[in-house]
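What follows is one structure encoded as structure tokens, with my remarks underneath.
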Amino acid sequence: MSGRQENDKQNLIWISHKLIGKPKELYLYMKDIEQDKTTMTQRAYLGYLLQYLDYCNEEDINFLLAKPMHINSYKNHLFEKKNGKSMINTKLAALFSFYKFLLDNEFIDKNPCDTVKKLKMDEKKSVVRMSDDEITEVKQSIINTAKRRSKKYKTRDLAIVTLGCATGLRISEILNIDMDDLDFDNNTIRVIVKGGKQRIIFFGNNTKKVLCDWIDEREEILGNSTQQALFINSHHQRLQSGGVRYMLNKETETFDKHITPHKMRSTCAMKLYEKKGDIYLVAQQLGHSNIKNTMIYAEATEQMRKEAADLLD
């Protein structure tokens, strides 16, 4: 079973469990979106909607009779609970989708979300990435640090950081890699993305060496196991993103910036644009179908160049 299939299975089990005893309208909504949305998105939407239904129960609101003032009150409730603007808008998007389904299928006569507006977002913050020196510092920290809970997996963590910064793969894509996705003759990785489509990602010889070092260690750890995941945890199961997040937090705790797994992706994107100046090449590397999603990296790089010019003037 591939990494994506494993995640899909786990998500569907979670969804099925959470729907037990919940309103039939919610169950039918989840059935309605399962063809159009990934299981990860389905799981997220269900989680957001369960939060909303809990709020309705606490406030003695029948969600089928909700009015715009109730939706706005819920929006304020999310703000009071310290949700960020982006997260509030994401939760509202799930709510809007749910109520549209209820209206389209005649469970309600009027959509209470029609006059509710999402929050206006602040200006985009600058893209956070690691410099070459910071990447080197992280790698050296992984190799040399004494604060690690387990020195056994430092080769694994070094491979993850090297691969993430060199290819720009999403952390979910990295962790879904199976052994048979690797082709060391051509230095490529087969990546399965949304809809079961494949992308072929190239990597250099330095990344190849680090991956091979980890694979040698992985074989010693697993022995005769049939586990196919490239990156495993201490229980010999597929490593999850929380483990990578924890590792990066520890290895970059002295940095003056917050480094998450996604920052490896932005590091690769900005480094590639700085070297090539080709936004379409960056988009292709990141797997963006819409160039607008890539422009943030070009804009951030150009802003850095402008600031550097001002300093040198």
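A straight Cα-to-Cα reach below 17 Å connects Lys152 with the aspartates and glutamates Asp213, Asp216, Glu217, Glu219, Glu220, Glu251, residues fewer than 8 places away in its own chain not being considered. Past 21 Å, Cα to Cα: identify those pairs from Lys154/Lys208; Lys91/Lys120; Lys75/Lys263; Lys139/Lys292; Lys31/Lys120; Lys75/Lys120, in the order given. Cα-Cα > 21 Å for Lys75/Lys263; Lys139/Lys292; Lys31/Lys120; rest within. Approximating the spin labels as points 7 Å out from Cα along Cα→Cβ, the Asp213-to-Glu137 distance works out to 2.1 nm. Look at the dipole of the stretch 3-104 built from charges on Cβ: of Leu53, Phe79, Leu26, the Cα furthest out on the positive end belongs to Phe79. Rounded to the nearest 20, the Cβ-based charge dipole of the chain about its Cα centre (Lys and Arg +1, Asp and Glu -1) stands at 300 debye.
The ranking of Asp178, Asp54 by Cβ neighbour count inside 10 Å, starting from the fewest, reads Asp54, Asp178. Take the Cα of Leu65, step 7 Å toward its Cβ, do the same at Lys118, and the gap between the two points is 3.1 nm. Relative to the current alpha-carbon distance between Phe79 and Glu34, full extension at 0.36 nm per residue lengthens the span by 13.3 nm.
Given the choices [x] 37.1; [y] 19.9; [z] 24.7, mean projected area of the Cα convex hull in nm² derived from the coordinates of this structure is entry [y].
In this simple spin-label model, placing a label point 7 Å from the Cα along the Cα-to-Cβ direction at both Ser86 and Asn57 gives a separation of 3.1 nm.
For trypsin sites (Lys or Arg not before Pro), no site in the stretch 1-73 is both called loop by DSSP and has at most 12 other Cβ atoms within 10 Å.
Summing -39500 (n - 2.57) over the DSSP H runs of n ≥ 4 in the chain and dividing by its residue number, what mean residue ellipticity at 222 nm do you reach, to the nearest 500 deg cm²/dmol? Intermediate values should be presented prior to the final figure.
Numbers: 13 runs with 182 residues, N = 313.
-19000 deg cm²/dmol, from helical runs alone.
If you plug the beta carbon distance of Asp180 and Asn144 into 1/(1 + (r/R0)^6) with R0 = 41 Å, you get a FRET efficiency near 0.80.
No value in this document is a laboratory result; all are computed from the given coordinates. Note that this is a predicted model, so its numbers are computed, not measured. Note that we place each Cβ from the backbone using ideal geometry, even for glycine, and neighbour counts take in every protein chain shown.
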